[in-house]
There are 2 protein chains.
Amino acid sequence: MSLPAQFPAMNLPCICSRVRRTARRVSQIYDRHLEPYGLTISQFGVLAQIRIGGSPSIGELAERIVMDPTTLTRSVRPLRQRGLVVLTPDARDRRTRRLALTEAGLVAFQVALPGWAAAQHEVSRALGEDASKMLVLRLDEALVRLSPP
Amino acid sequence: MSLPAQFPAMNLPCICSRVRRTARRVSQIYDRHLEPYGLTISQFGVLAQIRIGGSPSIGELAERIVMDPTTLTRSVRPLRQRGLVVLTPDARDRRTRRLALTEAGLVAFQVALPGWAAAQHEVSRALGEDASKMLVLRLDEALVRLSPP
DNA sequence: TGGACTTGCCTGCATATGCAGGTAACATCC
DNA sequence: GGATGTTACCTGCATATGCAGGCAAGTCCA
């Protein structure tokens with residue numbers, strides 16, 4: 001692209017900066033659409049995952065969404081404080097704590113869903129339908145290849 | 001892909017979650033490679049941009065790297081505290097403050113460059129050279145299309 | 001010159017992110 | 001049953017991220 005002389009080892013622009021930039025921009029769009037519902041895209045994602053995942057533990061959910069468990073712990077906290085999520089010790093193994101949506105949590109998710117859909121639509125429209133699908137496929141594939149052994 | 005019944009509006013899996021996940025994973029790889037040099041990929045990126053950008057202001061640099069100026073202000077702070085970067089008021093317009101590398105900052109950047117290169121190599125190797133280039137191109141294009149008017 | 005508007009940056013607030021290290025609960029071997 | 005090790009989670013630390021709002025410097029116009 002550019003910067004040839006200064007970067008001897010750079011035969012390719014920084015992949016990391018591109019991914020992070022895009023993540024910032026895309027997150028911003030989703031956050032704006034979800035803001036009227038009082039949720040961030042991160043929080044909405046946690047609610048959605050708990051909903052489809054049938055009471056996952058912190059560790060299970062963290063692995064599924066490829067996030068550090070400590071980060072997930074903290075992401076869940078404001079949702080617990082607002083009564084959208086409960087975290088109850090597993091009966092069989094009291095170390096594990098299982099996540100579940102409350103009634104209010106389910107409602108909050110369903111109410112915010114149009115906001116998510118609007119954001120998704122805006123982004124996929126801006127990128128083009130085909131490019132969006134391709135991007136998602138490439139990112140999913142990239143994630144698999146980048147997963148630690 | 002999946003989740004059809006629960007997600008009426010979802011004819012495509014969430015783009016945002018994919019981009020964020022990938023950003024987390026990729027950042028982690030770069031951060032690990034840069035950790036011995038005492039820099040995060042974010043900080044390394046700021047040093048690199050100041051280096052090639054000839055004393056940009058906070059606002060200019062924030063726009064160039066598509067980051068909120070307030071975030072950049074805070075990212076710069078630890079670099080200033082460590083004496084790698086200086087922030088001096090512009091002579092012509094005392095509102096703007098111009099970023100510059102110190103001698104120590106330049107050295108720190110050059111010393112850490114092999115760490116960055118190793119991370120870049122690991123990622124581009126995992127994805128495949130062609131896929132990496134394609135991904136960067138797609139992300140650059142996506143960013144343009146997603147930019148606010 | 002002085003008021004009105006604009007611009008550039010910063011702080012306060014809240015959340016996001018991951019690593020190191022700690023604690024409690026479980027599992028295993030003797 | 002008790003020492004040892006493992007597992008699941010959490011807190012402390014540091015940085016990352018963006019919005020709202022505030023302050024100071026600059027611009028414009030009467």
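One table, with the values for the structure above:
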item: Residue check, B:Val26 within 26 Å of A:Trp116 (Cβ to Cβ), within 10 Å of DNA strand C (Cβ to nearest atom) and touching a residue at least 12 places away in the same chain (Cβ under 8 Å); result: yes
item: Residue identified as modelled with pLDDT under 95, surrounded by 14 or more Cβ atoms within 10 Å (Cβ to Cβ), within 17 Å of the chain's Cα centre (by Cα) and on the phi < 0 side of the Ramachandran plot among B:Leu79, B:Leu135; result: B:Leu135
item: Candidates A:Arg98, A:Arg125, A:Arg145, A:Arg138, filtered to the one that is within 16 Å of DNA strand C (Cβ to nearest atom) and among the basic types (Lys, Arg); result: A:Arg98
item: Total residues in region B:99-120, condition β-branched (Val, Ile, Thr) and touching a helix residue (DSSP H, G or I) at 6+ places or on another chain (Cβ under 7 Å); result: 1
item: Meets criteria (within 14 Å of DNA strand C (Cβ to nearest atom) and farther than 25 Å from A:Ile29 by Cβ) for A:Thr70; result: yes
item: Segments classed as helices (runs of 4 or more DSSP H), wholly inside region B:20-137, with at least 3 members that are away from DNA strand D (no atom under 11 Å from the Cβ); result: B:41-53, B:58-64, B:103-127
item: Given (1) crowded, with 16+ Cβ neighbours inside 10 Å; (2) on the phi > 0 side of the Ramachandran plot, index of the condition B:Gly38 fails; result: (1)
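Here's the yes/no breakdown for (1) of a type in the set (S, T, N, Q); (2) more than 24 Å from B:Val19 (Cβ to Cβ); (3) away from chain A (no Cβ under 14 Å); (4) more than 11 Å from DNA strand C (Cβ to nearest atom):
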| position | (1), (2), (3), (4) |
| --- | --- |
| B:Arg51 | no, yes, no, yes |
| B:Ala91 | no, yes, yes, yes |
| B:Gln110 | yes, yes, no, yes |
| B:Gly115 | no, yes, no, yes |
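The values are calculated or read from the model by the stated rules, or taken from the named source; none is laboratory data. Bear in mind that the values here come from a model prediction, so they are computed numbers and not experimental data. For neighbour counting, all protein chains shown are included, and Cβ atoms are generated from backbone atoms with ideal geometry for every residue, glycine included.
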